[in-house]
Structure formats: structure tokens, C-alpha cells
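The block underneath contains the structure these notes are about, expressed in C-alpha cells.
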Amino acid sequence: MPTEILPKLEIGQLKLPNPLLLAPMAGISNLPFRLLAREQGCALAFSEMVSAEGLIREPQKAERFLQTCPEEKPWGVQIFGARPEAMAYAAKLIAERGVDVLNINMGCPVRKVVQGGAGAALLKNISLAKQILRVVRRAISIPLTVKIRLGWDEKNKNYLQMAKMIEEEGGDGLIIHGRTRAQGYNVHADWATIGEAQTRVKIPVIGNGDLMTPQEVINIFRKIDCAGVMIARGALGNPWIFKRTLALGKGEDIPGPSLEERENIIKRHLQMLINFLGEIQGVKEFRKHLIWYTKGLPENNSFRAELGKWRTKSEVLWGVQAYFQKIKSLKDPFLPFAREVGHNKKIAHTT
Ligand SMILES: Cc1cc2nc3c(=O)[nH]c(=O)nc-3n(C[C@H](O)[C@H](O)[C@H](O)COP(=O)(O)O)c2cc1C
């Protein structure tokens, strides 16, 4: 009988059945995408980052980020900002909405965010990071986590100092993306360092960076001492990564989705996004997902060249159907593990 490799995960009072989390991703981790990941076994998915200032100034605009439904429970929201009072106020508003875990972004490298003193800029300003954490902790009683990078740059890798500070200030969990701000996405995530952080604090450390395949996730749990992992790019066009990783954790190597399954999820995801954003915006947003869903599939060039022209749900459905019909009729149509060559690593979140 193979042993279960994946541990359960506890973040404060929140008990999760497995340690696989979906990362916050701006423009991606909305309710439809989070639900798809959850259906595939992901234990907890975070919203994309929500500006604390935006939430206070224009709450109706932030409403879309805070939408959930009973099937999603438990769910997480990430906020960013640099003013302690604004962060505490936003945290309280969010906790009142029934969010199960709050995450503070202290790792975002995007220029606009950093210039405002938020995101990764807080790695350079630990005293402000500490103030923020202290007031947010006082404002809410739900589990509180922080997402950081290893530091600002190679010379200022202060993840251990940050980890200890976060634990001392009452953080219930720490998510570490294993690169510095300066490294962007240009080097491999440093998982040994993430493991080191877990040995220095008692709160759960959730590692993040470059997990693109079930095998890579399992290998992490074999080698590294961390409480959980967070997957971002590896889930794009590939929500199945969660189900397959859970199976592999039990010793069962299940194949990637069949073409039928892929086509069905594409159609469902499109409908969910349209319900969420309306047809015009939903179709527009869905184009990038179509690129990801068809990565590694045969004859995808002409399909991809066409999809920029589609404006309506029926145009997308027609195009998807025609493409899948064509490739299903090919002699050897499918590379079921095409996802696992790691092409999503080219996607970055830095501008
Ligand atoms: C398109 C995109 C948007 C992102 N948006 C956020 C965000 O809103 N908040 C955040 O903390 N990280 C964000 N990230 C970073 C991811 O959460 C994650 O830390 C990073 O991609 C490394 O994980 P991966 O190698 O599994 O992709 C984003 C990444 C991408 C690719």
C-alpha cells in the first residue's frame, strides 16, 4: 500500500484536507478560475490582489474581486497597500464578508505597486511591514498570512528576518516565492531556502515557484520541509494539476485530460467567465486561457491565429468545436503530457 505523501495543512484555525493552494494572479484568479481549481482538488484558492486604497475609495469597483459562492468555501483574499490604517480597514471589511483567510502581499514586483511603497517594497521597509501586520492582526480574527519573496535583491535576502517578524506579529502562515524581487522570474525558485525558512518558524511555510507538474510537486514534498505549496503558472490552462498531484501523492500516476475533458472544461470555463463578466469582457478575457488550454496540442497555430477575431460566445464555441473535431480525427492526436514541458515559465508578472 503506497503511503500518502501529501500532508494536511492547518493555517491558524483553518484546516485544509491537502497542502495544494492556487496562487493569487492578477487578471486570472477570479471566481470562475478559482472554482475550476477547487473542483480539481485544490484546497484553497486566493483572489487576485485587491488594493486596500481602492477598496476604500471605490468599493463598488473592488466588488468583483470579492465575489464568491458557497461551493468555494473556504476562500482567501489577498490585499496590498502601504498605509497601515487603510490596510487594517480593508482587512476588516474583507473579514466581514466571510473570507476564511486573508493574505497580505509583500512580494509583488510590479513597478506601480512598488513605487507606492507596497508589495515587494515592504521587504525593504520591515518596520512598516511590521506596523501593517500589527494593525491588521488587531483588526481581524480570521487566519492571516503574508506572501513574500526572498528579499529585494541578492544582497538583501531577508526572508528569515521577515519570517520571524511575521510569526511574532501573529501571522498564521507564510507564503514564500523562492526568488528575490530583482530576480523577477529569471532564475529557478530556490526551494532549499524555502525549506530553511520552515525550520526557523513554527507557523506553516507554503512554498511557491516553478511547480509545473505533479511530479515536481511530489518531489518537493519528498525533499523539502514545507507545510504546503502554492501553484500559479502551472495551473494556467491546466486546472487538472491539482487532481493529478493528489493522485500521485497516493502513488497513482493518472494521465492528463483526454481531448473530450479538455474541450468540456474549456466550454464550461468560457460560460462561467461570461456569467461573471458579461459576454464581451468574458470572451476577451477568455482568449488568453484558450492559448494556455491548447499549449502543446497539434496544429494549434491556425487556431491561435483565429481566436483574436472572436467577439461572441458562439464564435468561440464554434472555433473550439471545429478545432477539437479536427485534432480528434488525427491519427495520433494528442500529447497528453505536453503541459509538462514547462512552457508556462515564459509568463511573467513584472511590468
Ligand atoms: C499573470 C500573473 C499575475 C500574478 N498576480 C499576482 C498577484 O496578484 N498577487 C501575488 O501575490 N502574486 C501574483 N503573481 C505571482 C504568483 O502568485 C506566483 O508567486 C509566481 O507566479 C510564482 O509562482 P509560479 O512559478 O507557480 O508561477 C502573479 C503571477 C502571474 C504570472
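Mind counting the residues in the stretch 305-315 that are buried (at least 16 other Cβ atoms within 10 Å of the Cβ) and under 26 Å from the mean Cα position of the chain (by Cα)?
Looking only at that region, the number is 1.
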Could you grab me the full set of residues in the stretch 187-202 that are outside any helix (DSSP H, G or I) and either farther than 22 Å from GLY76 by Cβ or in contact with a Leu (Cβ under 8 Å, 6 or more places away or on another chain) (or both)? VAL187, HIS188, ASP190, VAL201
Answer residue from the stretch 71-95, given it is more than 16 Å from the ligand (Cβ to nearest atom) and more than 14 Å from ARG138 (Cα to Cα) and is least open to solvent (accessible area, probe 1.4 Å) among those: GLU72
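Given the criterion within 13 Å of the ligand (Cβ to nearest atom), under 20 Å from the mean Cα position of the chain (by Cα) and in a loop (DSSP other than H, G, I, E, B), identify the matching residue among MET212, MET230.
The match here is MET212.
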Can you tell which of ILE254, ILE220 is of a type in the set (A, V, I, L, M) and in contact with a strand residue (DSSP E or B) (Cβ under 8 Å, 6 or more places away or on another chain)? ILE220
Looking at the stretch 148-155, is at least one residue under 23 Å from the mean Cα position of the chain (by Cα) and under 19 Å from GLU48 (Cβ atoms)? yes
Within the stretch 9-41, take every residue that is within 16 Å of the ligand (Cβ to nearest atom), open to solvent by 10 Å² or more (accessible area, probe 1.4 Å) and among the small types (Gly, Ala, Ser) and give me the one that is farthest from the chain's Cα centre (by Cα). GLY27
Every listed condition ((1) over 27 Å from GLN13 (Cβ atoms); (2) in contact with a Leu (Cβ under 7 Å, 6 or more places away or on another chain); (3) among the basic types (Lys, Arg)) holds for ARG137 save (1)
Within the stretch 126-135, is there a residue that is away from the ligand (no atom under 11 Å from the Cβ), open to solvent by less than 10 Å² (accessible area, probe 1.4 Å) and more than 24 Å from VAL229 (Cα to Cα)? yes
Output the residues belonging to the stretch 194-209 that are within 15 Å of the ligand (Cβ to nearest atom) and within 8 Å of LEU174 (Cα to Cα). VAL205, ILE206
Determine, yes or no, whether LYS155 is open to solvent by 50 Å² or more (accessible area, probe 1.4 Å), closer than 25 Å to ARG83 by Cβ and outside any loop (DSSP other than H, G, I, E, B). no
Restricting to the stretch 97-107, count the residues that are within 15 Å of the chain's Cα centre (by Cα) and either in contact (Cβ under 8 Å) with a residue 60 or more places away in the chain or surrounded by fewer than 15 Cβ atoms within 10 Å (Cβ to Cβ) (or both). 4
Subset of the stretch 54-67 that is out of contact with any Asp or Glu (no Cβ under 9 Å at 6 or more places or on another chain) and surrounded by 19 or more Cβ atoms within 10 Å (Cβ to Cβ) - its residue that is farthest from ARG134 (Cα to Cα): ALA62
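Looking only at helices (runs of 4 or more DSSP H) that fall completely inside the stretch 4-95, which ones have 3 or more residues that are touching a helix residue (DSSP H, G or I) at 6+ places or on another chain (Cβ under 7 Å)? Can you show your working first?
Working: elements: 31-39, 52-57, 59-62.
The helices (runs of 4 or more DSSP H) meeting that bar are 31-39, 52-57.
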Could we say that GLY184 is assigned to a helix (DSSP H, G or I), under 18 Å from the mean Cα position of the chain (by Cα), of a type outside the set (Asp, Glu) and more than 21 Å from LYS15 (Cα to Cα) here? no
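The values are calculated or read from the model by the stated rules, or taken from the named source; none is laboratory data. Computed from a prediction, not measured in an experiment: that's the story for all the values here. Glycine also receives a Cβ, built like all others from the backbone with ideal geometry; neighbour counts cover every protein chain displayed. For the accessible areas, the whole protein counts, side chains as well, though only heavy atoms, and no ligand, DNA or RNA atoms are used. Shrake-Rupley method; radii C 1.70, N 1.55, O 1.52, S 1.80 Å.
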